[in-house]
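The values are calculated or read from the model by the stated rules, or taken from the named source; none is laboratory data. For clarity, every value in this text was computed on a predicted model and none was experimentally measured. FYI the Cβ positions are ideal-geometry reconstructions off the backbone, even for glycines, and counts take in every protein chain you see. Note: areas computed on protein heavy atoms with side chains; ligands, DNA, RNA excluded. Shrake-Rupley method; radii C 1.70, N 1.55, O 1.52, S 1.80 Å.
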Amino acid sequence: MAHFLIINTGGTIGMADTATGLAPQAGLLKSTLLSDSRLVAWQNHTLSWQEWQPLIDSSNIRPGHWYELRDQINSTECDGVLIIHGTDTLAYSAAALSFLLAGTSKTVVITGSMRPLIQPNSDGYGNLALALDILTRQQPEVFVAFNGRCLPASRVSKVDTAADSAFMTPNWSDTLWSQPPGTAKTDLNRPWRPSALGVQTLFPGMPMDGLMSMVERNYRALVLNTYGSGNVMTDSALERILEKASNQSIPVFVRSQCLFGEVHLGQYAASSLLSNVGAVACGSMPLEAVLAKLQILCSQFNSATEVIDGFTQPWAREWQSL
């Protein structure tokens, strides 16, 4: 018998019908987990509970909540932690916790569901059973349990609004589990400090005003969702903006709009502008992981050099590739 901590933040899995639609209901998840015959395996363990007051829809999750979860986990002596989370921002929280807890001695599993437990066909029952199976393996890192799959927390993206298979791990293979996850070289115990990050998806005919505004307002970092393997349009205004960002020590991070494949700056001449300004390729990391890691790094460090150095270090499987 093991001792597990369950942190219930809210989400569909513990919702009930109300006059205005489904909404989180305090105590519902706990009572179901402790009484439903489909979850009897959980009842063989010692369970501690921390239920957020109030429970929240995951659309309202903020980076400060990631740090609250980190502190709750680090301050508790137990054999593992289950986090119940809504699916809309689950990928962001999962990635953030994989970084904040990099090198942790605890097994942490995050799960939720697409349909609440009050519905007899809820996928939540299977997700909770899988979460327990992962916790009992006692592998010290952060995982997502969903639709029969154990997923690396830093590699998930929500790709469907309704299907049980709502989460995907592009560019990930389970053969990569054999590799060590990595660990943060810096103690990440600083409290959360907000930082302005800019995200710009390139598209034909894109006006440059928004990107220029981010630079003029001295954002801490910019993320560009580029074409293909890291290509951008030939545009003198874009060139001036990126040069200005470089001169102001605003690091630029480059992703691909493609779901599969990696960024390779220099593969095409169309990426030379990015190489010239010292932009950083994000490999095959999903957007959620890129943004979560950058928010943590910008909260932790003051200089662009430290942010870039931390970003390029493997902390939690985010850099592993096929």
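Ligands, DNA and RNA left out, the accessible area of the chain computed with a 1.4 Å probe is 50% carbon and sulfur.
By the Kirkwood approach, averaging reciprocal distances over each pair of separate Cα atoms, the stretch 189-311 gets a hydrodynamic radius of 14.5 Å. With contacts taken as Cα pairs under 8 Å and at least 6 residues apart, the stretch 196-322 reaches a relative contact order of 22 percent.
Scaled to the globular estimate 2.2 N^0.38 Å, the Cα spread of the chain, given as radius of gyration, is 1.04. Across all C-alpha atoms in the stretch 1-98, the radius of gyration and Dmax reach 13.7, 41 Å. Normalised by the number of residues in the chain, the mean separation of alpha-carbon contacts (under 8 Å, six or more apart) gives a relative contact order of 16 percent. Note on Leu176/Ala237: beta-carbon distance plugged into 1/(1 + (r/R0)^6) with R0 of 41 Å gives a FRET efficiency of 0.55.
Across the stretch 210-219, rounded Karplus estimates of 3J(HN,Hα) from the backbone phi angles (6.51 cos²θ - 1.76 cosθ + 1.60, θ = phi - 60°) give x, 5, 4, 4, 4, 6, 5, 8, 6, 4 Hz, Gly and Pro being marked x. Note on the stretch 38-89 and the stretch 187-253: Cα centroid distance 34 Å, given to the nearest whole angstrom.
Relative contact order of the stretch 1-149, taken over Cα pairs closer than 8 Å and 6 or more residues apart, is 28 percent.
The spacing between the stretch 19-37 and the stretch 103-177, judged by their C-alpha centroids, is 20 Å. Looking at the stretch 27-66, the accessible area is 52 square angstrom per residue; that uses a 1.4 Å probe and ignores ligands, DNA and RNA.
Length gained on full extension, Asn302 to Glu77: 77.7 nm, using 0.36 nm per residue less the C-alpha separation. Calculated mean residue ellipticity, 222 nm, the chain: -8500 deg cm²/dmol, from DSSP H runs (n ≥ 4) at -39500 (n - 2.57) each, averaged per residue and rounded to 500. Here the simple spin-label model places points 7 Å from the Cα toward Cβ, and for Asn276 and Lys244 these points are separated by 1.7 nm.
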